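Step one of this worksheet: look at the structure below.
The values are calculated or read from the model by the stated rules, or taken from the named source; none is laboratory data. All figures in this text were calculated on a predicted structure; none of them were measured in a lab. Here the Cβ is made from the backbone with ideal geometry for all residues, glycine too, and neighbour counts use every protein chain on show. The accessibility values were calculated without ligands, DNA or RNA, using every heavy atom of the protein model including side chains. Shrake-Rupley method; radii C 1.70, N 1.55, O 1.52, S 1.80 Å.
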Amino acid sequence: MTVRVRFAPSPTGELHIGGVRTALFNWLFARNQGGKMILRIDDTDLQRSKEKYLQSILDSMEWLGLDWDEGPRKGGQFGPYHQIQRLDLYQHEVNKLLEGGNAYHCFCTPEELARQKKQDAQRGLPPRYRGTCRYLTEKEVEERKKDGQSFVIRLKVPQEGETVVEDLVRNRVTFENKIFDDFIIVKSDGIPTYNLASTLDDARMEITHVIRAEEHLSNTPRQVIICKILGLDTPIYAHVPMILAPDHSKLSKRHGATSVQEYRDMGILPDALINYLALLGWSPGGDKEIMPLEEMISLFSLDKVSKNASIYDLKKLTWLNSHYLRTKEKAVAGKMAVPFLKEKGIVSEVGSEDEQRYLDEVVDLVREKVKTLQEVADAAIYFFREDFPYDEADVAKHFSREDIVPVLEKIAGVLGEVEPFQKETIKAALKTLGSSLKLKLSKINLPIRLAITGRTMGPDLLDVMALLGRDRVVERVKRAKQFCLDGKNEELI
């Protein structure tokens, strides 16, 4: 048997991390088993489905490296892969259900259903459809249609026996059929419901395994019932645990970024996001946490997926991101940082090879102290602009010394004579200056760092100075000296 799995997002919004984790588990399972990954678009919600969301979902999947074997942008023998383009296929099966007496037209109005629901609540009963239209004759159905009455189509659910879901994560789950009412399979606008469309598509596309979020477990017995009535093979199910917020509530925007695009915008790398999501609900064994995709594929199995909910932890994600950011090849990290530098107006275009090499060196230097590409851009400002501000607290601490003006003047003079302007020669010159002034090196280095970067924290000072070059460093020290002479300058604070 060739394993065939599917991921079926709805283009009613951005791709969120819960969906990505589901897609990832499907992808890992397919690749581990030498199977196929199908991307199917659940776009039957005509009012909320948007083309922009569809393109965003596809772009996000590609950015993450979760390639699919069949679906949009790829094609395949089981298409079309948009559910809205498969309405004729659904209607064919609905007709079979109606003709076989396994489905029926329901003309109950929303007001009538709401009244029934209220009565059930008053009796302490769960809301369920009472089967009011279940026994309408063919003649009565036709008369109501002629009168223009709106209708849905409901499935006749067996009221006796039980439905069993064999689940690779949850094991055997049994549902008594009497808990289900005759649920809707076609809405009043003629569009099939999720349960019908998904079931039929899984069968037509020969899906062998349905790996999806735990919240879909309540849908599964209904889909199994549809399969039994239509004589379709039932896929193997695996319902993976939910991702909860740190306070164990449902994850939402108030807990921070939730969509792939938001993580991309904040400078999270696709490798880090994939690595992090893989660990939410799955364990490769041991204490292994950092894994490239190929290793994940070789280790992944559904029997190592947890039944328990996973807790979202932004700190762990950014920690993983800092690892991947530090270990990227210098040129790769540099190119990845360009959009973030542009976004902040730090660079416009990187035209020449020399400009790109300089940018690569800057990113290589600052990435040791940051966690995201957005932070790379924040940390790199002073390498590209001369109008950077001085940190107020650092000014009060280091530029308020009585000797600061003559010290900065001597620093500028000494650095102006360093030849060649490299780490070793700079270090020796500053050490000599400190001895002559009888100052600790920190009393020299911290004012220099503040003068040339606007802050007292950052990469190795000697590396920063060597990369900026003698002329820029000396000019910035002179500017700082003038700032101290002039007193507080609001433009620089």
remark   = The relative contact order of segment 270-377, taking Cα pairs under 8 Å that sit 6 or more residues apart, comes to a percentage of 29 percent
ask   = Under unit Cβ charges (Lys, Arg +1; Asp, Glu -1), what dipole magnitude, rounded to 20 debye, does segment 313-408 have relative to its Cα centre?
value = 580 debye
query = Which value, in debye to the nearest 20, gives the size of the charge dipole of the chain about its Cα centre, when Lys and Arg are +1 and Asp and Glu are -1 at the Cβ?
reply = 1020 debye
ask   = By the gyration tensor of its Cα atoms, with a ≥ b ≥ c the square roots of the eigenvalues, what is the shape of segment 237-340: rounded for a/c under 1.5, prolate for a/b over b/c, or oblate?
value = oblate
request  = Please identify which residues in segment 99-119 have an amide N closer than 16 Å to a label point set 7 Å out from the Cα of K145, following the Cα→Cβ vector.
outcome  = 99-108
query = Per the Kirkwood definition applied to all pairs of different Cα atoms, how many angstroms is the hydrodynamic radius of segment 50-117?
reply = 15.8 Å
key: List L87, L277, ordered by accessible area with a 1.4 Å probe, largest first   = L87, L277
query = If the cut-off is a Cα-Cα distance under 29 Å, which lysines reach K145, setting aside same-chain residues fewer than 8 apart in sequence?
reply = K96, K117, K118, K156, K187
ask   = If you find the alpha carbon centre of segment 391-446 and of segment 307-357, how far apart are they in angstrom?
value = 33 Å
key: Label zone at D69 (point 7 Å along Cα-to-Cβ), backbone N below 18 Å, segment 1-29   = 1-8, 23-29
task = Take the alpha carbon atoms of segment 393-489, find their radius of gyration, then divide it by 2.2 N^0.38 Å using N residues; give the quotient.
result = 0.97
request  = Give the angle, between 0 and 90 degrees and rounded to the nearest 10, that separates the Cα long axis of helix 220-230 from the longest principal axis of the Cα atoms of the chain.
outcome  = 40 degrees
request  = Would you work out which of A412, A377, A393 lies farthest towards the positive end of the dipole of segment 350-422? Charges go on Cβ: Lys and Arg +1, Asp and Glu -1.
outcome  = A393
key: Percentage relative contact order, the chain, counting C-alpha pairs under 8 Å, at least six apart   = 12 percent
ask   = Where the Cα atoms of segment 147-206 are projected onto their three principal axes, how long is each span, largest first, in whole Å?
value = 48, 30, 14
request  = Under 15 Å from the Cβ of L341, count the other residues' Cβ atoms, weight Lys and Arg +1, Asp and Glu -1, and hand me the total.
outcome  = -3
message = If I measure Cβ to Cβ between cysteines in the chain, which ones have no partner under 4.7 Å?
response = C108, C227, C484
inquiry  = Considering only protein heavy atoms and a probe of 1.4 Å, how much of the accessible area of the chain is carbon and sulfur, as a whole percent?
reply    = 49 percent
remark   = As straight-line cross-link partners of K328, the qualifying lysines (C-alpha separation under 25 Å, not fewer than 8 residues apart within one chain) are K288, K315, K316, K342, K344, K369, K371, K423
request  = With a ≥ b ≥ c taken as the square roots of the eigenvalues of the C-alpha gyration tensor of segment 1-103, please select rounded if a/c is under 1.5 and otherwise prolate if a/b is larger than b/c or oblate if it is not?
outcome  = oblate
ask   = Relative contact order, percent, of segment 359-493 when contacts are C-alpha pairs under 8 Å separated by at least 6 residues?
value = 36 percent
query = With each run of n ≥ 4 DSSP H residues scored as -39500 (n - 2.57), what mean residue ellipticity at 222 nm is computed for the chain after dividing by its residue count and rounding to the nearest 500 deg cm²/dmol?
reply = -15000 deg cm²/dmol
Proximal charge balance of F180 [Cβ under 14 Å; K/R count +1, D/E count -1] = +3
key: Global form of segment 65-224, assessed from the alpha-carbon gyration tensor, a/c cut-off 1.5   = oblate
ask   = What share of all Cα pairs of the chain, in percent, falls into each consecutive 20 Å distance bin?
value = 19, 38, 24, 14, 5, 0
key: DSSP beta bridge pairing in the chain, given as percent antiparallel to the nearest 5   = 55 percent
ask   = How far is the Cα center of segment 238-285 from the Cα center of segment 15-56, in Å?
value = 15 Å
ask   = Across segment 85-145, how large is the tail of the calculated P(r) beyond 16 Å, expressed as a percent of all Cα pairs?
value = 59 percent
message = For R385, R134, R367, R115, give me the order by solvent-accessible area with a 1.4 Å probe, most accessible first, ignoring ligands, DNA and RNA.
response = R115, R385, R134, R367
ask   = Which value, in debye to the nearest 20, gives the size of the charge dipole of segment 253-356 about its Cα centre, when Lys and Arg are +1 and Asp and Glu are -1 at the Cβ?
value = 500 debye
